[in-house]
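**Q** Before anything else, here's the structure in question.
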Amino acid sequence: MDNYFDQAQRFGQMWLDFMMRSMQAATGMTPQTPPLEAMRQMRTAMLGAISQAAEQWMRSPQFLDLMKQSLDGALSYWQQLSGVWTQARHATQGVAHEDVDALMVSVRHLEQRLLDRMEEMSDRVEELSRDMEQLGRRLAKLNANGRTSNGQAHDQPIRRPAPAARQRKRARGQEAFNPAE
Amino acid sequence: MSTFSSTWTHPWMSWQQSVMDESLLAMRRMARLPFLWDRSQRVSKGASPSEIVYEEDRLTLLHYTSERPPRYRTPLVFVFALVNRPYILDLKPGKSVVEHFVKAGFDTYLVDWGVPQAADRHLTLDDYINGYMVNVMDYVRERTGSDQVNVLGYCMGGTMSAMFTALHPRVVRNLMLLAAGIDFGSRDGLLQLWTDPAVFDVDRFVEVYGNAPAWFLQSAFLLLKPVQNLIEKPIGLAERMGDDAYLDDYFAMEGWLNDNIPVPGEVFREFVKYLYQQNRLVKGQMPVGKHIVDLKKITCPVLNLMATRDDLVPCSQSEPFNELVGSHDKTTMELPAGHIGLAVGSKAQRELWPAATQWLGQRSDKAGTARRGLRKGRAKDS
């Protein structure tokens with residue numbers, strides 16, 4: 001019952017709004033106002049009022065409910081129709097839309113798995129190349145440290161720790177492998 | 001007596017005269033009706049000369065050619081929405097956003113997403129943003145020799161461009177958004193109400209229809225302003241049928257408005273669910289594939305263009321963008337126009353686009369300047 005009163009109130013509001021706009025348009029007119037211009041102003045006022053009322057109506061819970069019902073109805077109808085078509089095609093050993101869809105989903109999953117693996121491999125390759133770059137820089141530094149003051153490289157560019165240092169390292173069990181010894 | 005009669009008879013005579021004049025005019029307009037159909041078919045799509053330089057699946061990349069070489073080294077890529085055709089940005093001479101940037105000296109490209117088919121229903125935002133857009137930007141950078149690109153995104157394309165920039169910040173030099181939805185928390189627009197989970201079951205919709213059908217999207221857009229679209233527009237056409245310039249504009253615009261395309265189902269689902277319903281982008285929870293979009297990672301200069309009378313993407317959806325990014329150089333430009341008027345309206349053509357091209361020009365390097373950017377090491381070694 002309240003809904004009817006609400007609707008009546010909204011309709012009344014819309015009508016009042018239209019009348020007010022028409023009066024405002026009319027007060028701007030004089031006997032010299034061209035008749036068509038007067039009619040256009042009234043038409044603009046009327047359409048403006050209807051547009052506002054339509055916007056209010058489309059924001060109302062009643063409209064949203066109506067929209068939901070019509071959409072649900074359309075979806076149910078399409079689902080049923082689609083189901084009937086699928087059954088008919090399966091009965092005649094044909095291929096239905098759903099079968100193609102299922103195949104597409106499988107292909108998509110396969111594609112996704114492949115892409116994920118490729119991304120993993122690409123990350124690993126990137127990591128490896130960063131490590132290689134770092135190693136290259138360290139080697140270059142070591143080579144540079146092994147050069148003489150006139151720029152000539154030593155015969156043995158890798159510096160060996162002093163004997164005392166080696167003994168200390170041996171005692172600690174930390175000596176690095178040195179093929180020259 | 002004569003004054004009394006002239007006071008009453010003069011308005012009556014002028015009314016009678018006006019009605020007769022208007023009737024004759026109306027008959028003259030009606031006589032043009034049979035030729036309207038032919039006129040509507042002669043409308044061309046796109047105004048500026050272009051060539052297709054890249055294709056991938058349904059996507060094509062257009063390059064706008066110019067007689068003069070570009071003034072700026074960094075190219076500009078337009079990214080449009082998935083719901084309509086992109087030639088609105090190059091509708092006709094004098095109503096073309098592309099024309100402004102080409103004349104200003106930018107090497108301009110436009111992404112045409114193509115028309116999705118049923119087989120594309122499983123494409124996701126990840127495919128578009130981290131797949132197609134990455135490939136397009138890589139291609140443009142390689143083709144132009146530039147390390148970065150300028151990006152201009154319109155509407156849904158703006159939202160996607162913002163996500164792309166957040167995920168690939170080093171690729172984008174300047175970002176321009178045109179009526180792009182970012183914050184979907186308010187209820188200013190009707191679409192936010194209509195996509196509420198209590199009203200719209202997007203999962204079931206995508207399950208049944210696959211791609212979001214073009215007729216469905218077209219109906220929703222028409223319903224946003226039913227009186228304007230279904231009553232005022234035909235009345236306007238009837239009254240101005242004798243005006244050739246008006247007819248050209250009318251058919252160009254109507255041709256585009258009715259040229260809707262479907263949206264891939266999964267993209268539609270992600271957009272409605274994650275943006276309209278859950279508003280994840282502003283919360284820093286928007287998933288794109290395995291990545292989460294963090295708008296704070298956008299640090300390039302941004303220009304946010306908004307239409308104050310936009311019913312599709314109200315200002316409240318676009319405004320918060322500048323507060324959410326990590327950029328220091330942030331500009332906003334507003335125009336009293338609608339969603340499409342922001343691109344092709346007369347005021348936008350006169351005021352907004354010259355200002356936007358100037359903004360971009362101030363933040364772009366001229367062609368022929370020394371290379372800067374990501375590859376300093378390579379330039380030094382050479």
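The values are calculated or read from the model by the stated rules, or taken from the named source; none is laboratory data. All values derive from a computational prediction rather than experimental measurement. For neighbour counting, all protein chains shown are included, and Cβ atoms are generated from backbone atoms with ideal geometry for every residue, glycine included.
Let's see how each residue does on (1) of a type in the set (Val, Ile, Thr); (2) within 30 Å of residue A:106 (Cβ to Cβ):
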residue	(1), (2)
B:39	no, no
B:52	yes, no
B:66	no, no
B:74	yes, no
B:80	no, no
B:90	no, no
B:104	no, no
B:118	no, yes
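**Q** Are any residues in the range B:312-343 within 15 Å of residue B:187 (Cα to Cα), under 14 Å from the mean Cα position of the chain (by Cα) and either outside any loop (DSSP other than H, G, I, E, B) or among the charged types (D, E, K, R) (or both), and if so, which ones?
**A** B:318
**Q** Given the criteria more than 26 Å from residue A:83 (Cβ to Cβ), facing chain A (nearest Cβ under 10 Å) and either out of contact with any Leu (no Cβ under 6 Å at 6 or more places or on another chain) or not hydrophobic (A, V, I, L, M, F, W, C) (or both), does residue B:257 qualify? Spell out the reasoning first.
**A** On the way: more than 26 Å from residue A:83 (Cβ to Cβ): yes; facing chain A (nearest Cβ under 10 Å): no; either out of contact with any Leu (no Cβ under 6 Å at 6 or more places or on another chain) or not hydrophobic (A, V, I, L, M, F, W, C) (or both): yes.
Criteria not met by residue B:257.
**Q** Considering every residue within the range B:89-96, establish whether at least one is farther than 23 Å from residue B:255 by Cβ and not in a loop (DSSP other than H, G, I, E, B). I'd like the intermediate steps shown before the answer.
**A** Taking the range B:89-96 first, the residues farther than 23 Å from residue B:255 by Cβ are none.
Within the range B:89-96, not a single residue is farther than 23 Å from residue B:255 by Cβ and not in a loop (DSSP other than H, G, I, E, B).
Residue-by-condition table, conditions (1) touching a Ser or Thr at 6+ places or on another chain (Cβ under 6 Å); (2) at pLDDT 95 or above; (3) of a type in the set (Phe, Trp, Tyr):
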| position | (1), (2), (3) |
| --- | --- |
| B:190 | no, no, no |
| B:196 | no, no, no |
| B:215 | no, no, yes |
| B:229 | no, no, no |
| B:237 | no, no, no |
| B:246 | no, no, yes |
| B:264 | no, yes, no |
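**Q** Right, something else. Can you pull out the residues in the range A:50-70 that are in a helix (DSSP H, G or I), charged (D, E, K, R) and either surrounded by fewer than 16 Cβ atoms within 10 Å (Cβ to Cβ) or more than 7 Å from chain B (Cβ to nearest Cβ) (or both)? So that I can check it myself, show each step before the final result.
**A** Just the residues of the range A:50-70 that are in a helix (DSSP H, G or I), to begin with: A:50-58, A:61-70.
Right, trim to charged (D, E, K, R) and you get A:55, A:65, A:68.
Hits for the range A:50-70 are A:55, A:65.
**Q** Out of everything in the range B:316-349 that is under 21 Å from residue B:76 (Cα atoms) and charged (D, E, K, R), what residue ends up being surrounded by the most Cβ atoms within 10 Å (Cβ to Cβ)?
**A** Per the criteria, the residue is B:330.
**Q** Sticking with this one: Take the residues of the range B:199-221 that are loosely packed, with under 14 Cβ neighbours inside 10 Å and not hydroxyl-bearing (Ser, Thr, Tyr): which is farthest from residue A:102 (Cα to Cα)?
**A** First, the residues of the range B:199-221 that are loosely packed, with under 14 Cβ neighbours inside 10 Å: B:203, B:215, B:219.
Then keep just the ones that are not hydroxyl-bearing (Ser, Thr, Tyr); that gives B:203, B:215.
Numbers: B:203: 17, B:215: 25 Å.
Residue satisfying both the conditions and the ranking: B:215.
**Q** A further question on this structure: Could you list, in sequence order, the residues of the range B:281-304 that are farther than 15 Å from residue B:182 by Cβ and in a loop (DSSP other than H, G, I, E, B)?
**A** Filtering the range B:281-304 down to residues farther than 15 Å from residue B:182 by Cβ leaves B:287, B:289-292, B:299-301.
Hits for the range B:281-304 are B:289, B:290, B:299, B:300, B:301.
**Q** Which condition number does residue B:276 fail, the rest of (1) closer than 16 Å to residue B:189 by Cβ; (2) part of a loop (DSSP other than H, G, I, E, B) being met?
**A** Here residue B:276 clears every test but (2).
**Q** Turning to a different aspect of this structure: Residue A:73 fails exactly one of the following numbered conditions: (1) surrounded by fewer than 11 Cβ atoms within 10 Å (Cβ to Cβ); (2) in contact with a Ser or Thr (Cβ under 8 Å, 6 or more places away or on another chain). What is the number of that condition?
**A** (2)
**Q** List the helices (runs of 4 or more DSSP H) inside the range B:136-238, counting only whole elements, that have at least 1 residues being within 27 Å of residue B:120 (Cβ to Cβ), of a type outside the set (Gly, Ala, Ser) and at the interface with chain A (Cβ under 10 Å from one of its Cβ atoms). Even if it seems obvious, please write down each step before you answer.
**A** Details: elements: B:156-167, B:190-194, B:202-209, B:214-224.
In the range B:136-238, B:190-194, B:202-209, B:214-224 are the helices (runs of 4 or more DSSP H) which contain 1 or more residues that are within 27 Å of residue B:120 (Cβ to Cβ), of a type outside the set (Gly, Ala, Ser) and at the interface with chain A (Cβ under 10 Å from one of its Cβ atoms).
**Q** Only one of B:339, B:291 is within 30 Å of residue B:122 (Cβ to Cβ), in contact with an Asp or Glu (Cβ under 7 Å, 6 or more places away or on another chain), at pLDDT below 95 and not basic (Lys, Arg). Can you tell me which? Walk me through it before giving the result.
**A** Numbers: B:291 fails: in contact with an Asp or Glu (Cβ under 7 Å, 6 or more places away or on another chain).
Selected residue: B:339, the only one of B:339, B:291 that is within 30 Å of residue B:122 (Cβ to Cβ), in contact with an Asp or Glu (Cβ under 7 Å, 6 or more places away or on another chain), at pLDDT below 95 and not basic (Lys, Arg).
**Q** Oh, and also: How about the range B:97-107: which of its residues are in a loop (DSSP other than H, G, I, E, B) and of a type outside the set (Gly, Ala, Ser)?
**A** Keep residues of the range B:97-107 that are in a loop (DSSP other than H, G, I, E, B), which gives B:105-107.
B:106, B:107, listed by residue number.
**Q** How many residues does the range B:141-162 contain that are over 23 Å from residue B:340 (Cβ atoms) and within 21 Å of the chain's Cα centre (by Cα)? Can you show your working first?
**A** First, the residues of the range B:141-162 that are over 23 Å from residue B:340 (Cβ atoms): B:141-149.
Now drop any that are not within 21 Å of the chain's Cα centre (by Cα), which leaves B:149.
Selection size over the range B:141-162: 1.
**Q** On to the next question. From the list B:134, B:111, pick out the single residue that is closer than 30 Å to residue A:106 by Cα, surrounded by fewer than 23 Cβ atoms within 10 Å (Cβ to Cβ) and at pLDDT 95 or above.
**A** Values: B:111 fails: surrounded by fewer than 23 Cβ atoms within 10 Å (Cβ to Cβ).
Of the residues listed, the single one that is closer than 30 Å to residue A:106 by Cα, surrounded by fewer than 23 Cβ atoms within 10 Å (Cβ to Cβ) and at pLDDT 95 or above is B:134.
**Q** Can I ask one more? Going by what's in this entry, would residue B:246 be described as among the hydroxyl-bearing types (Ser, Thr, Tyr), farther than 30 Å from residue B:39 by Cβ and either surrounded by 16 or more Cβ atoms within 10 Å (Cβ to Cβ) or without any contact (Cβ under 8 Å) to a residue 24 or more places away in the chain (or both)?
**A** Values: among the hydroxyl-bearing types (Ser, Thr, Tyr): yes; farther than 30 Å from residue B:39 by Cβ: no; either surrounded by 16 or more Cβ atoms within 10 Å (Cβ to Cβ) or without any contact (Cβ under 8 Å) to a residue 24 or more places away in the chain (or both): yes.
Judged against the criteria, residue B:246 is not a match.
**Q** Restricting attention to the range B:257-294, which residues are in contact with a strand residue (DSSP E or B) (Cβ under 7 Å, 6 or more places away or on another chain) and among the hydrophobic types (A, V, I, L, M, F, W, C)?
**A** Across the range B:257-294, the qualifying residues are B:263, B:268, B:281, B:286, B:292, B:293.
**Q** Among the residues in the range B:150-167, are any over 23 Å from residue B:269 (Cβ atoms) and surrounded by fewer than 19 Cβ atoms within 10 Å (Cβ to Cβ)?
**A** no
**Q** Pairs please, first residue from the range A:45-68 and under 19 Å from residue B:189 (Cβ atoms), second anywhere and modelled with pLDDT under 90, Cβ atoms under 6 Å, 6+ apart in sequence or on different chains.
**A** Filtered contacts from the range A:45-68: A:53/A:14; A:63/A:57.
**Q** Could you check the range B:31-74 and list, in sequence order, the residues that are surrounded by 11 or more Cβ atoms within 10 Å (Cβ to Cβ), assigned to a helix (DSSP H, G or I) and free of Cβ contacts under 8 Å to residues at least 40 places away in the same chain?
**A** Residue satisfying the conditions is B:35 alone.
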